[in-house]
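For reference, the structure discussed in these notes is given below.
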Amino acid sequence: DGTEPSHMHYENDENYFRGYEWWLMKEAKKRNPKIKLIGLPWTFPAWIGKGENWPYDYPDVTAYYVVSWILGAKQYHDLDVDYIGIWNERAFSSKYIKLLRYTLDKHGLQQVRIVASDRLWEPISFVLLLDSELHGVVDVIGAHYPGTKTVPNALLTKKKLWSSEDYSTFNDEVGAGCWARILNQNYVNGNMTSTIAWNLVASYYEELPFGRCGLMTAQEPWSGHYKVEAPIWITAHTTQFTQPGWSYLRVDGQLEGGGSFVALTDGLGNLTIIIETMTHNHSQCIRPLLPHFSVTPQTATFYLKGSFYMVQTLQVWHSRLGFESGNSSLFQQLHPVKVWKGSFSLYLNVDEVYTLTTLKTGQKCGCPEPPPPQPFPSNYKDDFNIRNPPFSEAPNFADQTGVFEYFINSSDPGDHVFTLRQVVVQRPITWASDADQTISLIGNFQWVNMTVTCDVYIEKRRDGGVFIAGRVDNGGIYVRRTKGVFFWVFADGTYRVTGDLAGEEILMKGLSGVRDNAWHTLTLNIQGTSASGLLNGYPLWENVTVSKPSNGWAAIGTRSFEFAQFDNFHVE
């Protein structure tokens with residue numbers, strides 16, 4: 001929920017150390033060297049479109065941009081990207097996909113495979129059947145939120161079919177039920193051999209549009225508190241007993257009393273069976289609508305044939321989602337099941353997951369308890385004075401439009417050498433409807449009364465501008481409709497107080513004497529229904545009545561996509 005920095009903000013810019021993704025990929029590889037890495041652009045920087053809000057007018061430029069990222073991953077982090085996508089949930093261009101394949105091959109990246117088109121099954125499947133050259137370069141058809149179903153044309157292509165984005169559901173037990181059901185049924189009903197959850201870890205403010213829609217929750221970096229939610233242990237039922245490269249067995253997969261099972265093998269004699277009996281009301285995902293079905297307790301008998309006939313025992317791992325009773329049992333190892341002459345029976349209740357496997361490697365970690373939860377500090381300062389920051393962005397700030405990065409002012413006399421700078425200077429080729437202003441949120445959404453102080457430096461002459469804000473109520477895909485109390489100063493020497501990020505609801509305006517390319521200190525004080533503002537420590541405006549929203553985050557930002565700097569941020 002928010003923006004991420006590109007590896008190329010501008011045409012002449014390359015940096016493979018921005019954001020958290022490089023760190024995340026390396027951490028993932030430490031835990032499982034066999035894990036697959038996939039790249040997929042959501043938004044492109046503006047220079048790729050050369051003035052148009054479209055990435056395919058200059059397909060060679062877009063391919064260069066994407067392949068640069070793959071080469072940078074290898075050169076600077078020794079990471080091999082396995083798959084690359086086209087444009088998340090937006091149109092594809094056949095010409096661009098072919099050029100992307102050509103560009104990958106030209107740079108020795110033949111092993112990187114192409115996924116298309118991360119939207120719906122159509123029109124990509126139909127186009128692949130018509131265009132044999134395109135059929136030759138697309139390796140995987142990826143669909144988003146397919147509801148466990150595919151379409152005839154997709155099957156006719158004979159391509160690998162993936163649910164390349166799914167889940168996106170609040171990570172309580174219903175979320176776990178959703179995830180258990182689609183992990184199996186995407187293959188059983190839709191022949192999909194991969195299911196990818198958006199998102200991995202909910203590490204962003206919970207009140208943003210998709211709060212806690214991750215497999216686990218880690219949304220308090222200031223306290224270190226995190227929670228390994230039920231969907232993590234549902235994942236383990238599959239991922240601890242299979243690896244990329246294992247194959248699904250072509251079994252029917254439907255259980256008579258409702259629910260489903262899948263069976264996978266490594267081709268070397270190992271077998272893993274995963275069973276789920278999720279009921280309708282306990283497994284609804286955020287999308288699409290789930291048609292009614294019923295599941296009842298049942299005894300299921302499984303028959304092992306061929307090379308699996310000789311299997312004598314299977315290890316058993318079990319989860320039961322408790323729902324009303326509130327006492328779930330997650331990923332517990334049970335007694336092994338004896339296989340007698342190639343068959344065994346199992347009593348299955350509803351809302352359960354079983355893994356039966358020849359592997360003896362399962363584990364449920366006895367991890368130390370995380371630190372207890374704490375609210376965001378009610379008195380928080382950052383002077384951004386850090387010479388070699390571990391990340392390119394300041395902690396706890398959540399960019400919602402634009403990118404705010406650590407910056408070193410080599411020419412500054414000393415007070416403002418280390419600052420935070422907004423660096424996106426043209427509206428990107430948009431994915432969601434981001435704002436016309438840039439904004440970064442921080443703090444506690446429940447805050448009511450607050451004082452926000454920040455040194456600001458407008459870089460853009462004439463029509464440049466910056467703001468500090470409080471009681472900010474929105475972000476993510478809804479950032480354009482964000483409300484709050486916004487205190488703006490502009491390069492032309494005027495100021496404004498508005499009730500919205502768009503700047504349309506003007507509460508107060510006047511002259512401030514602020515100018516560009518000079519440092520000024522803004523202070524915004526909100527108490528009850530009244531707000532006041534100071535400039536360089538002196539009152540500039542006061543007694544402005546504010547009604548809605550009644551609470552929200554603090555924020556900083558700019559009037560447009562423009563360079564601006566911030567320093568000595570303080571919220572209380």
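Selection of region 29-58 for residues being open to solvent by less than 10 Å² (accessible area, probe 1.4 Å) and out of contact with any Pro (no Cβ under 7 Å at 6 or more places or on another chain) yields Gly39, Pro55. Given the structure, is Thr419 open to solvent by less than 10 Å² (accessible area, probe 1.4 Å), modelled with pLDDT of 95 or more and under 30 Å from Ala91 (Cα atoms)? The answer is no for Thr419.
Being open to solvent by 20 Å² or more (accessible area, probe 1.4 Å) and modelled with pLDDT under 95 is a condition met by at least one residue of region 433-448.
Quick check: anything in region 260-268 polar (S, T, N, Q) and over 25 Å from Val339 (Cβ atoms)? Break it down stepwise before answering.
Going residue by residue through region 260-268, those that are polar (S, T, N, Q) are 260, 265.
In the following step, the residues that additionally are over 25 Å from Val339 (Cβ atoms) were identified as none.
Within region 260-268, none of the residues are polar (S, T, N, Q) and over 25 Å from Val339 (Cβ atoms).
Being open to solvent by 20 Å² or more (accessible area, probe 1.4 Å) and under 30 Å from Ser440 (Cβ atoms) is the requirement here; does Pro368 meet it? Spelling it out, it is not the case that Pro368 is open to solvent by 20 Å² or more (accessible area, probe 1.4 Å) and under 30 Å from Ser440 (Cβ atoms). Considering the conditions (1) of a type in the set (Ser, Thr, Tyr); (2) in contact (Cβ under 8 Å) with a residue 12 or more places away in the chain; (3) open to solvent by 30 Å² or more (accessible area, probe 1.4 Å), Tyr187 is excluded by exactly one of them, (3). Within the set Ser283, Ser325, Ser307, the sole residue that is more than 21 Å from Met192 (Cα to Cα) and either open to solvent by less than 20 Å² (accessible area, probe 1.4 Å) or within 34 Å of the chain's Cα centre (by Cα) (or both) turns out to be Ser325. Every test in (1) farther than 23 Å from Pro288 by Cα; (2) touching a Gly at 6+ places or on another chain (Cβ under 9 Å); (3) touching a residue at least 24 places away in the same chain (Cβ under 8 Å) is passed by Tyr58 save one, and that test is (3).
Does region 469-492 include one or more residues that are more than 36 Å from the chain's Cα centre (by Cα) and among the polar types (S, T, N, Q)? No, because not a single residue in region 469-492 is more than 36 Å from the chain's Cα centre (by Cα) and among the polar types (S, T, N, Q). Of everything in region 136-175 that is open to solvent by less than 10 Å² (accessible area, probe 1.4 Å) and over 18 Å from the mean Cα position of the chain (by Cα), the residue that is nearest to Ser260 (Cα to Cα) is Thr148. When Met508 is tested against the conditions (1) open to solvent by 40 Å² or more (accessible area, probe 1.4 Å); (2) closer than 19 Å to Ser433 by Cβ; (3) among the aliphatic types (A, V, I, L, M), the lone failure is (2). Restricting attention to region 60-74, does a residue exist that is touching a helix residue (DSSP H, G or I) at 6+ places or on another chain (Cβ under 6 Å) and surrounded by fewer than 18 Cβ atoms within 10 Å (Cβ to Cβ)? There is at least one residue in region 60-74 that is touching a helix residue (DSSP H, G or I) at 6+ places or on another chain (Cβ under 6 Å) and surrounded by fewer than 18 Cβ atoms within 10 Å (Cβ to Cβ). Residue pairs whose Cβ atoms lie under 9 Å apart, sitting 6 or more positions apart in sequence or on different chains, and linking a residue in region 408-430 that is closer than 10 Å to Asp383 by Cα and touching a residue at least 12 places away in the same chain (Cβ under 8 Å) to a partner that is of a type in the set (Phe, Trp, Tyr) and open to solvent by less than 30 Å² (accessible area, probe 1.4 Å), are Phe418/Phe384; Thr419/Phe384; Thr419/Phe566; Leu420/Phe384; Leu420/Phe397; Leu420/Phe404; Leu420/Phe566; Leu420/Phe569. Within region 334-344, does at least one residue satisfy the condition of being under 21 Å from Val228 (Cα atoms) and polar (S, T, N, Q)? There is no residue in region 334-344 that is under 21 Å from Val228 (Cα atoms) and polar (S, T, N, Q).
Within the set Arg461, Arg471, Arg496, the sole residue that is more than 18 Å from Phe404 (Cβ to Cβ) and either at pLDDT below 95 or not in a strand (DSSP E or B) (or both) turns out to be Arg461. Within region 292-326, the set of residues being within 25 Å of Phe241 (Cβ to Cβ) and either without any contact (Cβ under 8 Å) to a residue 24 or more places away in the chain or touching a Pro at 6+ places or on another chain (Cβ under 8 Å) (or both) comprises Gly306, Met310, Thr313, Leu314, Gln315, Val316. Picking from residues in region 513-551 that are part of a strand (DSSP E or B), over 36 Å from the mean Cα position of the chain (by Cα) and among the polar types (S, T, N, Q), the one that is surrounded by the most Cβ atoms within 10 Å (Cβ to Cβ) is Ser532.
Note on region 187-216: residues that are within 13 Å of the chain's Cα centre (by Cα) and either within 15 Å of Val174 (Cα to Cα) or of a type in the set (Gly, Ala, Ser) (or both) total 9. With respect to being hydroxyl-bearing (Ser, Thr, Tyr) and open to solvent by 90 Å² or more (accessible area, probe 1.4 Å), Tyr16 falls outside the description. For region 100-135, the candidate set comprises residues that are open to solvent by 50 Å² or more (accessible area, probe 1.4 Å) and among the aliphatic types (A, V, I, L, M); within that set, the residue that is farthest from the chain's Cα centre (by Cα) is Leu130.
Of all residues being under 21 Å from Trp42 (Cα atoms) and over 18 Å from the mean Cα position of the chain (by Cα) in region 393-413, which is least open to solvent (accessible area, probe 1.4 Å)? Just the residue, please. Once the filter is applied, the top-ranked residue is Phe404.
Does region 459-467 contain any residue that is aliphatic (A, V, I, L, M) and either over 30 Å from Asp412 (Cα atoms) or in contact (Cβ under 8 Å) with a residue 60 or more places away in the chain (or both)? Among the residues of region 459-467, at least one is aliphatic (A, V, I, L, M) and either over 30 Å from Asp412 (Cα atoms) or in contact (Cβ under 8 Å) with a residue 60 or more places away in the chain (or both), which makes the answer yes.
Residues in region 9-66 that are in a loop (DSSP other than H, G, I, E, B), over 17 Å from Arg101 (Cβ atoms) and hydrophobic (A, V, I, L, M, F, W, C): Phe17, Ile35, Leu37, Trp42, Trp54.
Output the residues belonging to region 219-246 that are without any contact (Cβ under 8 Å) to a residue 40 or more places away in the chain and either among the acidic types (Asp, Glu) or open to solvent by 30 Å² or more (accessible area, probe 1.4 Å) (or both).
Scanning region 219-246 gives Gln219, Ile232, Thr239, Trp246.
Within region 449-477, the set of residues being out of contact with any strand residue (DSSP E or B) (no Cβ under 6 Å at 6 or more places or on another chain), open to solvent by less than 40 Å² (accessible area, probe 1.4 Å) and at negative phi comprises just one member, Asn474. Here region 1-14 is the region considered, the condition is being within 21 Å of Ala398 (Cβ to Cβ) and among the polar types (S, T, N, Q), and the residue that is farthest from the chain's Cα centre (by Cα) is Ser6. Within region 472-505, which residues are of a type in the set (Phe, Trp, Tyr) and within 16 Å of Ala398 (Cα to Cα)? Hit for region 472-505 is Tyr478, nothing else.
The values are calculated or read from the model by the stated rules, or taken from the named source; none is laboratory data. Since the model is a prediction, treat every value here as computed from it, not as a measurement. Cβ sites come from the backbone with ideal geometry, for glycine too, and all protein chains shown count toward neighbours. The accessibility values were calculated without ligands, DNA or RNA, using every heavy atom of the protein model including side chains. Shrake-Rupley method; radii C 1.70, N 1.55, O 1.52, S 1.80 Å.
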